[in-house]
Amino acid sequence: MNKALFWDFDGTLSYPNKSFFDALDKALLKNGYSFGNNKAEEFLKTAYSWKTPDITYVDKTNSLWWDTLFEKIMGFCATVGVAPADLEKVCSDFKEILTDVSNYKLYDDTAETLKKCMDLGYKNYLITNNYPEITSILEKLGIAHFFESFIVSSHIGYEKPRKEFFEHAKNVAESPEVVYVVGDNLNADIQGGKNMGFTTVAVHRCTESDADYYLENLFGIFNILI
């Protein structure tokens, strides 16, 4: 029997962080600029693609995904006083800071859980709304080899909870008979999985949802797997 586990990343396998805000703040400071947090946070509410999941961008994936984001960042920076000559450098520094593996810390039970799931005959798949290079982050964290494949929104042009995203994941996993979606986001992970008829598992901070199961830690999944 083909059995699949669809794992979210940030907030599920790794502790949640404010990497986008921190990267923009640090990039601006590195280039001699400092603005109120409220302005940057308000901008970031819609800046990256998973904040606007209804928008399809299949023609702007991978490196073009960055181009789209950089265009938005440069537009924001220009409105708050960043000199035109500094705009590209801010974007370059932003990307370098954002894609630094030090931004991420795995939960203590992440690696052991993924390995044991494999030993039990499950195939692990990453399903994440994220930037294109996130797979290299998993390699640096030492967990990439636990995954059969990686489904990343910026690779395909659809964000969770879009049905197209989960249909793509299902096809990559070769239409498994058993699917568990494990995540910490009520809409992107839990609702997205439920829309497909998959078994949903809320973890960590996602305490109030209509998921099929809720787990305080990842290792608890062994109490529910069939």
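Read-outs: derived from the displayed coordinates by stated rules, not from any lab. The structure displayed is predicted, hence computed values, not measured ones. Ideal geometry is used to build each Cβ from the backbone, glycine not excepted, and the neighbour counts take in all protein chains shown.
P(r) of the range 78-172 in 10 Å steps, Cα pairs, percent per bin?
Spelled out per bin, shortest first, that is 14, 34, 32, 13, 6, 1.
I want to make sure I understand the PRE zone here: with the label point 7 angstrom from the Cα of residue 89 toward its beta carbon, which residues in the range 8-44 have backbone N atoms less than 14 Å away?
Under 14 Å, as judged by backbone N against the label point of residue 89, lie 27-34 of the range 8-44.
With n ≥ 4 as the cut-off for DSSP H runs, can you work out [θ] at 222 nm for the chain, using -39500 (n - 2.57) per run divided by the number of residues, rounded to the nearest 500?
So the helix-based figure for the chain works out to -11500 deg cm²/dmol.
Here are some pairs, 30/95; 3/194; 26/140; 18/163; 3/160; which of them have Cα atoms lying more than 19 Å apart in this structure?
26/140; 18/163; 3/160
For the range 19-102, taking Cα atoms only, what is the radius of gyration to one decimal and the Dmax to the nearest whole Å?
In Å, with Rg to one decimal and Dmax whole: 12.5, 36.
From a point 7 Å beyond the Cα of residue 187 in the direction of its Cβ, which residues of the range 199-226 have a backbone N at a distance under 20 Å?
200-212
Between Rg and the Kirkwood Rh of the chain, both from Cα atoms, what is the Rg to Rh ratio?
Dividing the radius of gyration by the Kirkwood radius yields 0.99.
Return the Rg/Rh value of the range 159-226, two decimal places, where both radii are evaluated on C-alpha atoms and Rh is the Kirkwood radius.
0.96
Using the Cα centre of the range 139-178 as origin and beta-carbon charges of +1 (Lys, Arg) and -1 (Asp, Glu), tell me which of 176, 158, 146 is placed farthest towards the positive end of the dipole.
My answer, from the dipole projection, is 158.
Can you give me the distance in nm between label points at residue 68 and residue 213, each placed 7 Å from the Cα along the Cα-to-Cβ direction?
Simple spin-label model gives 3.4 nm for this pair.
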